[in-house]
Amino acid sequence: MTGTVYLVGAGPGAPDLLTLRAARLLERAEVVFYDALVHPDTIALAVNAHRVDVGKRSGSRATAQRFINKRLIDAAHKYAVVVRLKGGDPMLFGRAREEIDALQQAGVTVEIVPGITAALGASADLGVSLTERGISRSVTFVTPRISNESADTRASNWALAALAADTAVIYMARGQAAAVAATLIALGKPAHTPVAVVENASRTDAVKRIGVLGNLPALAAQLGGGPAIIVMGEVLRNATKTSGAIDAIVATTLSSLQG
Ligand SMILES: C[S@@+](CC[C@H](N)C(=O)[O-])C[C@H]1O[C@@H](n2cnc3c(N)ncnc32)[C@H](O)[C@@H]1O
């Protein structure tokens, strides 16, 4: 017997932002392999499962991924319902392709259960629609990250895609905020373009900072150690109307923007 491996999106952080399908699968799961960003309350739904943390990775990322692939294949030979639980949506910046390929090559059936990606959690927290009539007709999700070890902050596809869209959401870039801002400005994006950084989107400990591209490094430096995402575009110009407390530096920046 070979079981099915379900790649399941856990959503951006808040445990109640899980789909019903995901919750039902977790209840049925015999084993769950979960990532570092998944909320403990979500993992706790897997009442009957062996719960395996595969988020704390050692060695190179490629080695760790091969090890996870092998564990998923081994589990599918032992259990009928195997859940691979990933933060956000499994198909966005989640290394889903590697896992799907490895499982299919081993003859294991794979099913995908989508989740709410971090960009949408951040949009909700900010109270900012990523699209807006007359302002934004396109949204792009990009990352300068190539691997755990390196990021491409030069004028490559991610930067061109970010420039081409009305609204850009930039994943895994907080650590390179200065290089990201410099790259986009060098390519012609005005330094006064509105940006937001959201840490721990959708969670009760979410932190939001809104400003302009030119002060993105300063905004990013105000965050703690949680996962963070950058939103850039004119849709943020009126963000103060709907988002919560914004500190004095940011309020000053916004008034200079609007002035
Ligand atoms: C490896 S990617 C996984 C993305 C995930 N598959 C998704 O759809 O959201 C991890 C990055 O997602 C972003 N991220 C994930 N959860 C987040 C959250 N709650 N708040 C802000 N950013 C988050 C951060 O940029 C983080 O570095």
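Values as computed for the structure displayed
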read-out: Crossing angle, helix 96-105 versus the chain [Cα axis fit, 0-90 degrees, rounded to tens]; value: 20 degrees
read-out: Estimated vicinal HN-Hα couplings, Hz - the stretch 123-128 in sequence order (Karplus 6.51, -1.76, 1.60; Gly, Pro = x); value: 4, 5, 4, 6, x, 10
read-out: Nearest-ten-degree value, helix 248-258 long axis tilted from longest Cα axis of the chain; value: 60 degrees
read-out: LEU85 long-range amide H proximity, modeled H, under 5 Å; value: VAL8, PHE33, TYR34, ASP35
read-out: Surface accessible to a 1.4 Å probe, per residue, for the residues of the stretch 1-54, Å²; value: 47 Å²
read-out: Given charges at Cβ of Lys, Arg, Asp, Glu: the chain dipole, positive-most of GLY107, PRO40, THR4; value: GLY107
read-out: Assigned charges on the beta-carbon of Lys, Arg, Asp, Glu; the chain dipole about Cα centre (debye); value: 260 debye
read-out: Degrees, to the nearest 10: 61-76 long Cα axis against longest axis of the chain; value: 40 degrees
read-out: The stretch 90-239 - Rg over Rh from alpha carbon coordinates, Kirkwood radius; value: 1.00
read-out: Calculated from backbone phi, Karplus (6.51, -1.76, 1.60) coupling profile of the stretch 215-230 in Hz, x at Gly/Pro; value: 10, 3, x, 5, 5, 5, 5, 7, 8, x, x, x, x, 9, 9, 10
read-out: Whole-Hz couplings from phi, Karplus 6.51/-1.76/1.60, listed for the stretch 176-192; x for Gly and Pro; value: 10, 4, 5, 5, 4, 4, 4, 5, 5, 5, 4, 7, x, 6, x, 5, 8
read-out: Within the chain, percent of DSSP bridges classed antiparallel, to nearest 5; value: 45 percent
read-out: Portion, in percent, of the accessible area of the stretch 86-220 that falls on carbon or sulfur, probe 1.4 Å; value: 52 percent
read-out: Residues with amide H under 5 Å from that of LEU92, placed H, sequence gap 5 or more; value: none
read-out: Histogram of C-alpha separations across the chain, 5 Å bin width, %; value: 1, 6, 13, 16, 17, 14, 11, 9, 6, 3, 1, 0, 0, 0
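The values are calculated or read from the model by the stated rules, or taken from the named source; none is laboratory data. This one's a predicted model, so the numbers in the text were calculated from it and none came from an experiment. Using ideal geometry, Cβ is built from the backbone for each residue, glycine included, and neighbour counts are taken over all protein chains shown. Ligands, DNA and RNA are stripped out before the accessible areas are found, and what is left, the full protein with its side chains, is counted by its heavy atoms. Shrake-Rupley method; radii C 1.70, N 1.55, O 1.52, S 1.80 Å.
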